[in-house]
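Read through the structure below, which is laid out as structure tokens, and then see the notes.
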Amino acid sequence: MRKFAVVLLALLPAQGLPRVVDFHSDIRIARNGELSVTERITLEVDDRQPHSVLRRELRAPIEVADVIRNGHPEPWSLEPDGDGARLRIGKPGAALEHGRHTYQIAYRSQRQVRFLDAHDELHWRLGPAERITAEIVLPSTVPRREIRTDAGKDAQSFVRDGRAAFRAMRAIAPHEEVMVVVRFPKNVVSQPKMDYRGPLAVLVLLLASAAVLLRLRRLAGNVCS
């Protein structure tokens with residue numbers, strides 16, 4: 001996943017296409033910029049559309065803390081997928097019973113806040129589902145007047161001190177998505193300091209290599225003369 005400006009939250013059932021009835025995201029931003037995310041996803045499974053594994057495309061880096069289905073721990077695995085990660089939930093070949101199943105996924109993610117000149121912001125992609133809601137909570141009680149939101153034409157936003165909530169105004173189909181944005185003042189989230197150790201080590205290595213090559217050329221020139 002990782003495209004910096006978006007969060008891909010596509011539900012990709014391995015078999016069939018059960019209805020995604022409800023999708024709620026709770027995103028809490030820590031002072032250091034780390035996100036603690038809890039998603040609640042409710043599926044309606046039909047006997048004619050057997051379903052065993054739920055796949056979630058998520059933005060990396062990610063650390064999964066917990067996966068629960070209907071109040072009980074659910075097996076899962078996490079694997080790299082391009083710039084992101086793919087979370088596989090469930091046991092392959094074990095079809096779910098007919099009816100509704102509610103998943104709760106808790107994970108942490110870093111480097112998702114965008115640090116701009118005038119303000120900072122978080123972009124988050126929601127859906128698809130028949131009903132979509134989300135809440136983004138800032139690390140401090142920022143006055144409502146200093147928080148700006150953008151939910152596009154398909155969602156509504158509601159701002160309170162220190163938080164913003166969103167609600168899609170219609171069902172979002174599997175091939176669609178809703179992007180929401182929360183903008184807040186500088187210094188609410190600490191911008192990570194640039195780590196120069198890696199680039200500096202590379203520079204030192206390049207300079208050392210150049211010095212060695214220059215010395216070898218001089219030695220070769222002396223031999224030839």
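The values are calculated or read from the model by the stated rules, or taken from the named source; none is laboratory data. All values derive from a computational prediction rather than experimental measurement. The area values use the complete protein model at the heavy-atom level, side chains included, leaving out ligands, DNA and RNA. Shrake-Rupley method; radii C 1.70, N 1.55, O 1.52, S 1.80 Å.
Can you give the translational diffusion coefficient of region 36-170 in µm²/s, computed by Stokes-Einstein from the Kirkwood radius over Cα pairs at 10 °C and 1.306 mPa s?
Translational D for this selection: 94 µm²/s.
Return the carbon/sulfur percentage of the accessible area of region 53-168, one whole number, probe 1.4 Å, all protein chains in place.
Working: 2600 of 5930 Å².
Ligands and nucleic acids excluded, carbon and sulfur give 44 percent.
Sequence-distant or interchain residues sharing an amide H contact under 5 Å with ASP120, placed H: which?
PHE184, LYS186
Once phi is turned into θ = phi - 60°, what whole-Hz ³J(HN,Hα) does the Karplus curve with 6.51, -1.76 and 1.60 give for every residue of region 177-192, x standing for Gly and Pro?
Running phi through 6.51 cos²θ - 1.76 cosθ + 1.60 with θ = phi - 60° gives 6, 10, 9, 10, 9, 10, 10, 9, x, 4, 6, 5, 10, 6, 6, x Hz.
Could you give me the ³J(HN,Hα) list for region 115-120, computed from phi with Karplus coefficients 6.51, -1.76, 1.60 and θ = phi - 60°, whole Hz, x at Gly and Pro?
Once rounded to whole Hz, the list reads 9, 10, 5, 9, 7, 10.
Starting at the first residue of region 86-91, write each ³J(HN,Hα) from the Karplus equation 6.51 cos²θ - 1.76 cosθ + 1.60 with θ = phi - 60°, in whole Hz, x for Gly and Pro.
Listing the rounded values in order: 10, 9, 9, 10, x, 9 Hz.
Which cross-chain or sequence-distant (5 or more) residues have an amide H under 5 Å from the amide H of ASP161, H modelled 1.01 Å from N in plane?
Residues meeting the amide H criterion: ARG144.
Show the residues, 5+ positions off or on another chain, whose built amide H is closer than 5 Å to the amide H of VAL45.
Distant-sequence amide H within range of VAL45: GLY99, ARG100, HIS101.
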